[in-house]
1. Could you say whether any residue in segment 257-268 is farther than 29 Å from residue 381 by Cβ, within 15 Å of the ligand (Cβ to nearest atom) and either open to solvent by less than 30 Å² (accessible area, probe 1.4 Å) or not basic (Lys, Arg) (or both)?
2. In the set 304, 318, which member is in contact with a Gly (Cβ under 9 Å, 6 or more places away or on another chain) and surrounded by fewer than 24 Cβ atoms within 10 Å (Cβ to Cβ)?
3. Here is a check on your reading of the model: is residue 463 within 21 Å of residue 255 (Cα to Cα), open to solvent by 20 Å² or more (accessible area, probe 1.4 Å), of a type outside the set (S, T, N, Q) and touching a strand residue (DSSP E or B) at 6+ places or on another chain (Cβ under 9 Å)?
4. Quick check on my filter: what residues within segment 93-108 are in contact with a Gly (Cβ under 7 Å, 6 or more places away or on another chain) and open to solvent by 30 Å² or more (accessible area, probe 1.4 Å)?
5. Go through segment 286-301 and give me each residue that's closer than 17 Å to residue 465 by Cβ and open to solvent by less than 10 Å² (accessible area, probe 1.4 Å).
6. If a residue has to be within 19 Å of the chain's Cα centre (by Cα) and either within 17 Å of residue 467 (Cα to Cα) or among the acidic types (Asp, Glu) (or both) to count, how many in segment 387-411 make the cut?
7. Picking from 277, 350, 341, which residue would you name as being more than 16 Å from the ligand (Cβ to nearest atom), without any contact (Cβ under 8 Å) to a residue 12 or more places away in the chain and part of a loop (DSSP other than H, G, I, E, B)?
8. In the set 53, 47, 83, which member is over 12 Å from residue 452 (Cβ atoms), out of contact with any helix residue (DSSP H, G or I) (no Cβ under 7 Å at 6 or more places or on another chain) and in a strand (DSSP E or B)?
Amino acid sequence: MAYNGFAIDKYPDVEEIIRKLDALRDGPIYSILPEYLAEYEDQYFNKKCLKSKEMIDEAKTVIPGGVQHNLAFNYPFPIVITKASGAKLYDIDGNEYYDLLQAGGPTVLGSNPVEIREKVIQLLNTCGPSTGLFHEYEYKLAKKISDLVPSVDMFRMLGSGTEADMVAARIARLYTGHKNILKMGGAYHGWSDQLAYGIRIPGTKGLQSRGVPNYVFRHTDEFFPGDLEDLEKKLKRNKLDGGTAAVYIEPIGPESGTRPVTKDFVKGCEYLAHKYGALLIADEVVSGFRIGLSGAQGYYGINPDLTVFGKVIAGGYPGAGGVGGRRDVMAHMGAGLDSSGKKVKKALCGGTMAATPISCVAGYYTICEIERTNAIEKAGRMADRLVAGINKSIDKYHLPFVCFNQGSVCHLDNAGTMHYFIDWSKPWNIPKVLKETSARQKEMEHMGAAYMAEGIITLAGTRLYTSAAYNEEMIDDVIARFDRVLSKCGKL
Ligand code: PMP
């Protein structure tokens, strides 16, 4: 299939990628060799990032760990960004970077595009950032999203993806009258209590959700990504115990496709959810308006009952979350009667700073600009070029690393950390698995540091988002920088 406005040209060969990722996980660790890592620390971080280091040391006295944002925690220390423009970021020491973090995903157009900024400034000059009352852009954004995403009849803007995922469970329970939630193991649906389950590594249940009491998960369970039999088994079991209200999926696979899934699996989740009277909730926080204007759901050909949005729907501005879906389901988000005149129960939902004029104006113009410039497809083409280039270097240096992409969401895995899973029939293995993943995680961080020293900012050393602000020349320069790092990698 050619791009056709989507970010994906050719769907990755999922079986082949999983095979390679499993081999990566089971093999010895390859990473940046210690002498080169020491050289990067010495020559780059300790010489060229001194102002960042000084500020972070100061910040540590008042901010736990020195940073506020999980993505900002980089080895050997976080850097302080002062300027962002298009595909580039600049730090407090004056260093310039290619931005493959893209604020964690929202900026498909690149950083701080003038077309959006001007609209936001106009709004600030007239109305200010918030009033608590209705603003026309709330309507415009909801209309735009409903027009573009066929499964969305109605939309409500919220403060974050976490909030939207959280309320989606409430709506699903009210609509179906069922109790249980099933989510894909390893998938991320924000950090609310109930969905902080099976995070990053399938099978971890509540192990990684310290601070959340176990009873919260009484009605939450996970199914193994790619395994429809496992999903059906759990749906069947739930039938005898309150039924399943929702099956949550990240359509591109858990953790933004870190473990990709086949198109048939995605379709199978839709079929099975409906067979057992559950709603299908597509978490498109990452994929919405990044994989296609109709979402990843448009690409996979699914018709979810509810869709969770985030990130791109506010174009990098604060307050990025929303839930959309079928009219009769969304009725549980509104007051009073639904359109048929039936009285419906309303899900508890709030947020002083939800749906501010800023997030709605930024989101509306971001989506319009993405549509006008075919930005989704362009970012996807850039990612395809990037991944092809990195794979050439991987082959050249005979590394076991795995690099693949679904549109502008790229993965470059050197350690296989996310490809572990917990097998509860062998509980004695659990501490060993957790220990191994943390050793491998350290090597992802080292790779991230090496990329940064070469002028590339990645997400945690393993994920790369491209944007439409890139051009081929920039991508070729990025590939050359990755090549320099990969030439310094080997078996530890
Ligand atoms: N769902 C997915 C798939 C995500 O990737 C994220 C954030 N990375 C969230 C939900 C939570 O969104 P937020 O950070 O806006 O709360």
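1. Here is the first cut: in segment 257-268, the ones farther than 29 Å from residue 381 by Cβ are 268.
The next check asks that each one be within 15 Å of the ligand (Cβ to nearest atom); those that pass are none.
No, segment 257-268 contains no residue that is farther than 29 Å from residue 381 by Cβ, within 15 Å of the ligand (Cβ to nearest atom) and either open to solvent by less than 30 Å² (accessible area, probe 1.4 Å) or not basic (Lys, Arg) (or both).
2. Values: 304 fails: surrounded by fewer than 24 Cβ atoms within 10 Å (Cβ to Cβ).
That would be 318, the only listed residue that is in contact with a Gly (Cβ under 9 Å, 6 or more places away or on another chain) and surrounded by fewer than 24 Cβ atoms within 10 Å (Cβ to Cβ).
3. Details: within 21 Å of residue 255 (Cα to Cα): yes; open to solvent by 20 Å² or more (accessible area, probe 1.4 Å): yes; of a type outside the set (S, T, N, Q): yes; touching a strand residue (DSSP E or B) at 6+ places or on another chain (Cβ under 9 Å): yes.
Judged against the criteria, residue 463 is a match.
4. Of all residues in segment 93-108, those in contact with a Gly (Cβ under 7 Å, 6 or more places away or on another chain) come to 96-98, 103, 106-107.
Listed by number, the residues that qualify are 96, 103.
5. Across segment 286-301, the qualifying residues are 287, 288, 289, 290, 291, 292, 295, 296.
6. 9
7. Working: 277 fails: without any contact (Cβ under 8 Å) to a residue 12 or more places away in the chain; 350 fails: more than 16 Å from the ligand (Cβ to nearest atom).
Going through 277, 350, 341 in turn, just one is more than 16 Å from the ligand (Cβ to nearest atom), without any contact (Cβ under 8 Å) to a residue 12 or more places away in the chain and part of a loop (DSSP other than H, G, I, E, B): 341.
8. Working: 53 fails: in a strand (DSSP E or B); 47 fails: in a strand (DSSP E or B).
From the options 53, 47, 83, the qualifying one is 83.
The values are calculated or read from the model by the stated rules, or taken from the named source; none is laboratory data. For clarity, every value in this text was computed on a predicted model and none was experimentally measured. Here Cβ is always computed from backbone atoms with ideal geometry, including for glycine, and neighbour counts include all displayed protein chains. What goes into the accessible areas is simple: the full protein's heavy atoms, side chains included, and nothing from ligands, DNA or RNA. Shrake-Rupley method; radii C 1.70, N 1.55, O 1.52, S 1.80 Å.
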